[in-house]
Structure formats: C-alpha cells, structure tokens
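Student: Take a look at this one; I'll ask things after.
Since every read-out is calculated from the coordinates, none of them should be taken as a lab result. Please read these numbers as outputs of a predicted model, since none were measured by experiment. FYI the Cβ positions are ideal-geometry reconstructions off the backbone, even for glycines, and counts take in every protein chain you see.
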Amino acid sequence: MKTWFAGGICCLLLFLPITAFGQKSVAEEKKAYSEGMKKLLEDGPDSAEKFFEEKSLESGDPRQLYGLAWAAFYQRDFKKTGHILEMLLNSDINLHFQASCLLLQGHLHMELERFEASKQAFLESIDLYGDYQAYGNMVRGYLGLAEALFRQQQFQKADFYLNRAFTVFTQKEINEALLGHFYHLKAQIAFEKGNYHGAVRYVKKGIEQHKIDGHIRLLAGNMADLGAFYFFTGNLTEARLATEEARAIVEANDDAEVRPWIELNDLLIKRCTGLPYDEHLERITAFQKVKYSFRLKRMVQFALAWECP
C-alpha cells in the first residue's frame with residue numbers, strides 16, 4: 001500500500017485503534033473514522049481534512065474531530081491541531097480517548113521543539129494506555145518518547161525507552177507494522193553513537209519489515225538511509241547500490257518526501273569522489289525551508305564535516 005507521508009509517525013498512526021474512543025459510539029462513526037484515516041494515509045491531509053470536517057459537522061462525534069486534528073498536524077497547521085486537542089481534552093471523554101489525544105499532543109509539542117512538554121504528554125499517554133492494557137498504543141507512546149529524547153540528543157535515554165517498547169513487543173501480540181519504526185529509530189541512535197555497522201544492521205531489519213507491510217515510502221526512506229550508513233562504513237559500492245534502489249522507488253512513485261535523502265547520498269558520494277555537489281546541497285536547503293527535518297539537518301552536518309578517505 002502506498003502511503004502519503006514519510007517518517008515513523010505513519011506507523012504510529014496507521015493502526016491506531018478506534019476503540020480508543022469508548023464503547024458508546026455507533027458503528028457508523030467508527031467506520032467513518034477509519035475511512036478518514038485511510039484517506040489521510042493514502043491521499044494526504046487535504047483530502048482527510050475535508051472528509052473529517054464534513055463528518056464532524058454532521059455528527060459532532062469526537063472521533064471525527066480527532067481525525068481532523070491529525071489532518072491539521074500533517075498540514076503543519078499546529079495552531080489548529082492544538083486548538084482541537086485542547087477542546088477534546090477539556091471535554092467529557094473517557095481516559096482511553098484522553099490517552100490518544102495526549103499521544104498526538106506529544107508529537108505536536110515535539111514538532112514545536114517543546115521537548116519537556118512532549119515527553120510529559122507521552123509519559124501520561126503510556127500510563128493511561130497501560131491502565132487499559134492497550135499495549136500497542138503503549139508501544140506508540142514509547143516510540144514517540146524515544147524520538148523526543150533523540151531530538152534532544154539524549155541517545156542513551158532514547159535507547160532505554162526503545163528497549164522498553166521492544167519488551168512490550170516480545171511479551172504481547174503487537175501489530176508488527178510498528179516494528180519498522182522501532183528499527184528505524186534504533187538505526188538512527190546507533191549511527192549517532194558512531195556504530196555505523198550497527199546502523200546498517202538495524203535499518204536492514206526495517207527494510208525487511210516494510211517489504212512485508214507494503215509501506216513504499218518508508219521502504220524508500222530506509223533504503224536511502226542504508227545507502228548513507230554504508231557510506232560511513234566505507235563501503236561505497238553498497239552505498240551506491242542502496243541509493244540507486246531507493247532512487248528507483250522514489251521515481252516510480254513520484255515521491256518528493258524521500259527525494260532529499262537521495263540528494264544527501266549523492267552529496268556524500270560526490271563530495272568524497274571529488275565531484276561538484278553544490279546542487280544537491282541547494283536542493284536539500286530548499287526542501288528544509290518548506291518542511292524542516294531535524295534528522296536531515298543532522299545528517300547534512302555529518303556529511304559536510306566527514307573526512308573523506
């Protein structure tokens with residue numbers, strides 16, 4: 001299945017159970033919510049926004065407002081996202097629904113670089129999900145918390161919570177779609193610790209998972225990462241092969257989201273083989289102005305500071 005947006009949150013979002021909103025809602029509202037989230041994944045936030053706005057006006061059901069908050073989040077309309085979440089959290093909702101709102105609030109705070117608030121929201125969601133034995137959502141909370149810590153460059157703590165997530169994976173029956181995001185974060189942390197071979201091993205596991213679950217964009221992104229990680233191990237041959245495989249997926253799917261990561265790999269390879277690379281840096285910079293990525297910024301810094309052999 002082709003998904004519209006990149007990054008680990010896709011996996012966090014994809015199978016978010018609609019039972020989180022309680023037992024009182026009618027089956028039609030649950031069905032509408034699922035349909036809207038599918039639109040968000042496959043068609044993008046503009047389509048989902050229109051759908052959820054219509055449904056929320058029809059019924060006023062909090063599910064539809066929650067879906068609208070996710071659509072606004074992926075439109076990077078963080079003010080709207082925050083307004084909807086505040087409205088929901090101040091309304092008469094059950095604790096499981098509250099946990100789902102806190103999960104999204106954690107991601108919202110993280111994007112706004114309010115890391116302490118982000119971590120608090122994730123921790124509260126984890127506690128509430130634990131009370132309901134909603135183990136899949138607990139994993140989502142742990143993954144979000146680990147990413148917030150990663151962005152603060154607290155790599156040891158991030159790894160600690162990733163291992164907590166994996167413990168839940170191994171003890172409970174959790175949807176394996178979340179494993180791809182787990183391995184992606186493990187690869188990033190290994191890379192930041194200078195364990196480039198470990199990063200290769202973890203991202204390969206993520207690639208295997210996405211070949212199973214069919215997330216084309218995440219597969220392409222992981223393949224691009226594999227190319228970069230191979231480069232830092234000194235294996236230019238494998239770096240080129242992985243980059244070209246990622247490029248083929250991106251071109252076949254006209255995927256603008258992953259393209260900057262291909263540009264990064266081209267920059268790496270050209271810079272260390274004596275070829276001009278300014279055009280790649282310019283395109284990455286242009287992308288960052290439209291949709292900023294903390295990790296892309298970090299990887300560019302690594303690329304430009306790397307002492308080529």
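Student: What is the Cα centroid distance between region 200-247 and region 255-309, reported in whole angstrom?
Tutor: 16 Å
Student: Could you compute the FRET efficiency for Glu35 and Leu57, with r as their C-beta to C-beta distance and R0 at 22 Å, rounded to 0.05? Walk me through the intermediate numbers first.
Tutor: Working: r = 16 Å, r/R0 = 0.72.
That pair, Glu35 with Leu57, gives E of 0.90.
Student: Ok, one more. Hand me the GluC sites (Glu not before Pro) from region 22-114 located in a DSSP loop with no more than 16 other Cβ atoms within 10 Å, in residue order please.
Tutor: Values: sites: Glu28, Glu29, Glu35, Glu42, Glu49, Glu53, Glu54, Glu58, Glu86, Glu111, Glu113; in loops: Glu113.
For GluC sites (Glu not before Pro) across region 22-114 that sit outside H, G, I, E and B with at most 16 neighbouring Cβ atoms in 10 Å, the list reads Glu113.
Student: For region 137-245, just list the percent of Cα-Cα distances falling in each 5 Å bin from zero outward, please.
Tutor: Taking every Cα pair in region 137-245, the percentages come to 2, 14, 22, 22, 21, 12, 6, 1, 0.
Student: Please order Trp261, Trp70, Trp306 by the number of other Cβ within 10 Å, starting at the fewest. Mind showing how you got there, number by number?
Tutor: Values: Trp261 28, Trp70 24, Trp306 13.
Sorted ascending by nearby Cβ count, the order is Trp306, Trp70, Trp261.
Student: Which percent of Cα pairs goes in each bin when the distances of region 110-149 are cut into 5 angstrom slices starting at zero?
Tutor: Once binned at 5 Å, the Cα pair distances of region 110-149 give 6, 30, 32, 18, 10, 4.
Student: Please report the relative contact order for region 72-215, taking Cα pairs under 8 Å with a sequence separation of at least 6, and give it as a percent rounded to a whole number. Write out the running numbers ahead of the final one.
Tutor: Working: 162 pairs, mean separation 21.2, N = 144.
Across region 72-215, relative contact order equals 15 percent.
Student: In Å, what is the Rg of the alpha-carbon atoms in the chain, and how long is Dmax?
Tutor: Every Cα atom of the chain included, Rg and Dmax give 19.5, 65 Å.
Student: To make sure I understand, if each residue's beta carbon is the centre and we count other beta carbons within 10 Å, what order do Ser56, Ser293 fall in, fewest to most? Please list the in-between numbers first.
Tutor: Numbers: Ser56 20, Ser293 17.
In order of increasing Cβ crowding within 10 Å: Ser293, Ser56.
Student: Just flag the GluC sites (Glu not before Pro) in region 162-207 sitting in loop per DSSP whose Cβ has no more than 12 other Cβ atoms within 10 Å.
Tutor: Values: sites: Glu173, Glu176, Glu192; in loops: Glu173, Glu176.
Loop-located and lightly packed - Glu173.
Student: May I pose another question? FRET efficiency for Asp131 and Leu275, Cβ-Cβ distance as r, R0 = 51 Å, nearest 0.05? Walk me through the numbers before you get to the answer.
Tutor: Values: r = 57 Å, r/R0 = 1.12.
Computed FRET efficiency for Asp131 and Leu275 comes out at 0.35.
Student: If you scale each eigenvalue of the Cα gyration tensor by 5 and take the root, what three semi-axes come out for region 82-182, rounded to whole angstrom and sorted largest first?
Tutor: Details: eigenvalues 90, 65, 18 Å².
After scaling each eigenvalue by five and taking roots: 21, 18, 10 Å.
Student: Related question: For Phe78 and Thr233, what is the calculated FRET efficiency with R₀ set at 45 Å and r taken between the beta-carbons, to the nearest 0.05?
Tutor: Working: r = 38 Å, r/R0 = 0.83.
It comes out at approximately 0.75.
Student: For a quick check: sort His107, His181 by the number of other beta carbons within 10 angstrom, fewest at the front.
Tutor: Lowest to highest Cβ neighbour count: His107, His181.
Student: List the pairs from Lys38/Lys79; Lys193/Lys289; Lys205/Lys270; Lys31/Lys204; Lys39/Lys79; Lys30/Lys186 whose alpha-carbon separation is above 32 Å, in the order I gave them.
Tutor: Details: Lys38/Lys79 23 Å; Lys193/Lys289 28 Å; Lys205/Lys270 28 Å; Lys31/Lys204 35 Å; Lys39/Lys79 22 Å; Lys30/Lys186 34 Å.
In this structure, Lys31/Lys204; Lys30/Lys186 lie more than 32 Å apart at Cα.
Student: Here's a follow-up. Quick check for you: which residues of region 92-133 have the amide N under 19 Å from the point 7 Å beyond the Cα of Gln171 toward its beta carbon?
Tutor: 123-133
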